[in-house]
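Before any comments, here is the structure.
The values are calculated or read from the model by the stated rules, or taken from the named source; none is laboratory data. In this text the structure is predicted, and so the values were computed from the model without any measurement. Note that each Cβ is placed from the backbone with ideal geometry, even for glycine, and that neighbours are counted across all protein chains shown.
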Amino acid sequence: MTDERGTTTEAAPHELLRLKSHSGRLALATTVLGSGIALLDGTIVNVALPTIGRDLDADLAGLQWVVNAYALTLAAFILLGGSLGDRFGRRAMYAVGVAGFGVASVLCALSPTVEVLVAARAVQGLCAALLVPGSLAILQASFHRDDRMAAIGAWTGLLGVASASGPVVGGWLVEQDWRWAFWLNVPLAAVVVALALKFVPESRNPLASKHIDVVGITLAVVGLAALTYGLTALSDGVSARAVVVGVVGVLALGGFAWAETHAKAPMVPPSLFANRVFTTINLVTLLVYAGLSAALLFLVLFLQTVAGWSALEAGAATLPLSIIMLFLARRFGNLAAKSTARPFMIGGTLVAATGFVLLAVAPRDPSFVLHVLPGISLLGLGLSMTVAPLTGTVLAAAPDELAGTASGVNNAVSRTAGLLAIAALPPLVGLGGADYASPDALAPAYRLAMLVCAGLLVGGAALTAVGLRSKEPAPCAGTPHLDHAGR
């Protein structure tokens, strides 16, 4: 249907959910649970890496690919996942993604070698590419405009439950058998699919083309895969093959950008990036999530390899980060909705960067209270100030009918950032081969890596200060193409 200005809408006004309603709470819980599975899996796998390496006799490159195979397919296909949701139904794609993630987890749990595990993780990433953008797109399309930022803040905070439980549960599971970490996903996925089909309203863009951008998908996958392989291969030293494959990746990504500007039905409409706020926020996302992803991986490795902590102890060390986000993320989301996201994003990234610096100077035999807790707490506070305003602003900068695509783009940027950072940072700080298991090699590399990650977040703060106006409207008030119902 259309309003008096001819703007296409996706649902009648009475179908929009309110956050305090029973149906609104159930829809929010369903999106949190589905996203929580993917988040829980990621935190557990990071904690499990040293154990997986010993059990499957894997070197550093193999362990990088256990992380990167998932991140690669997720980043490469998440744009497709967002656009498929807009075209064929966000709830439908979300449910398919969650179900597939559960099946792929079975393959991970049964993997006899690191090569099989890497392949199964790639399938997991492909399925996550359907569920991750669908989660936020459902919130953007299903909730009343006045409740969207609060819903996104609640989504961010409640995911802290998964983050909080992930390191602890993961550490315990790893001490029993790392394969249990994947078996855990199977019953959770079944529950989420049932809840989604029953309580989440369907939404789609009725004007979306049914054409699949095959050229764009192919170039994105080839570009990310080649660039990631080239960067990961540098862990074993500079070689002609690594350089050539890396150059192929860069050229393919350049071709992707060109193809999207000329495609009849592009996977990523170039018009999105004509919006200054959308472009700025995605560049900030690239810097922030690159630093965050690499830093958390290095921290867990440092605590186990250098400090000699168990997997459970190393995982539990990050618990304060998740608890702080659980209680504060929604509050900062509400504050940003009433004013502007700019000061929260600038302050938050700088606070998080300070946390990385404190963690970088921890001694080789750190005390949790004196050397880990202060840095982790600042990181949690900084991310609470940053994530909900960032996410709400980037979604508000896109038309409602492109909610899934906009969510897919921002998620693709964040996943690509982590993917490239995890591939590039180890060789950059001098790690390769089995160095992840050597305290003498890992300790100095860890400190340098944490400082690099802090610098990335400072860069994010500077870009926010330059790219967002000081009086930028609140995210919930700045959504373009609103109709009379507040859509």
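Odds and ends about this structure:
- No other residue among Leu207, Leu158 is in a loop (DSSP other than H, G, I, E, B) and at pLDDT below 85 apart from Leu207.
- In region 274-295, the condition of being farther than 28 Å from Leu350 by Cα, of a type in the set (Val, Ile, Thr) and either touching a Leu at 6+ places or on another chain (Cβ under 8 Å) or surrounded by fewer than 22 Cβ atoms within 10 Å (Cβ to Cβ) (or both) is met by no residue.
- Criterion (within 21 Å of Ala295 (Cβ to Cβ), in contact (Cβ under 8 Å) with a residue 12 or more places away in the chain and in the same structural domain as Gly408 (by TED's automatic domain parsing)) met by exactly one of Ile78, Ile37, Ile44: Ile44
- One residue from Leu28, Leu19, Leu39 being within 20 Å of Arg330 (Cβ to Cβ) and not in a helix (DSSP H, G or I): Leu19
- Among the candidates Val132, Val96, Val106, the residue that is over 20 Å from the mean Cα position of the chain (by Cα) and either part of a helix (DSSP H, G or I) or surrounded by fewer than 21 Cβ atoms within 10 Å (Cβ to Cβ) (or both) is uniquely Val106.
- Residues being in a helix (DSSP H, G or I) and either hydroxyl-bearing (Ser, Thr, Tyr) or surrounded by 15 or more Cβ atoms within 10 Å (Cβ to Cβ) (or both) - total across region 176-185: 5
- Among the residues of region 296-339, those that are under 22 Å from Arg364 (Cβ atoms) and of a type in the set (Val, Ile, Thr) comprise Val300, Thr305, Val306, Thr318.
- Filter result for Val191 (under 30 Å from Ala311 (Cα atoms) and of a type outside the set (S, T, N, Q)): yes
- Of the residues Val186, Val243, the single one that is closer than 27 Å to Trp65 by Cα and in the same structural domain as Ser414 (by TED's automatic domain parsing) is Val186.
- Any hit, region 200-213, residues being of a type in the set (A, V, I, L, M, F, W, C), buried (at least 20 other Cβ atoms within 10 Å of the Cβ) and closer than 30 Å to Leu28 by Cβ: yes
- Meets criteria (surrounded by fewer than 18 Cβ atoms within 10 Å (Cβ to Cβ) and outside the structural domain of Asp86 (by TED's automatic domain parsing)) for Val222: no
- Residue check for Ala314: of a type in the set (Gly, Ala, Ser), closer than 28 Å to Pro426 by Cα and at pLDDT below 85: yes
- Check on Arg25, touching a His at 6+ places or on another chain (Cβ under 7 Å) and surrounded by fewer than 20 Cβ atoms within 10 Å (Cβ to Cβ): no
- Filter pass, Arg121 being surrounded by fewer than 23 Cβ atoms within 10 Å (Cβ to Cβ), among the basic types (Lys, Arg) and modelled with pLDDT of 75 or more: no
- Checked against the criterion of being among the small types (Gly, Ala, Ser), in contact with a Ser or Thr (Cβ under 8 Å, 6 or more places away or on another chain), at pLDDT below 80 and not in a helix (DSSP H, G or I), the candidates Gly433, Gly404, Gly486 yield just one match: Gly433.
- Residue that is nearest to Val429 (Cα to Cα), among those in region 339-392 that are buried (at least 21 other Cβ atoms within 10 Å of the Cβ) and aromatic (Phe, Trp, Tyr): Phe356
- Conditions (1) of a type in the set (D, E, K, R); (2) at pLDDT 80 or above; (3) not assigned by TED's automatic domain parsing to the domain that holds Ile37; number of the one not met by Asp177: (3)
- Only a single item in (1) closer than 30 Å to Ala437 by Cβ; (2) crowded, with 23+ Cβ neighbours inside 10 Å is not met by Val268, and it is number (1).
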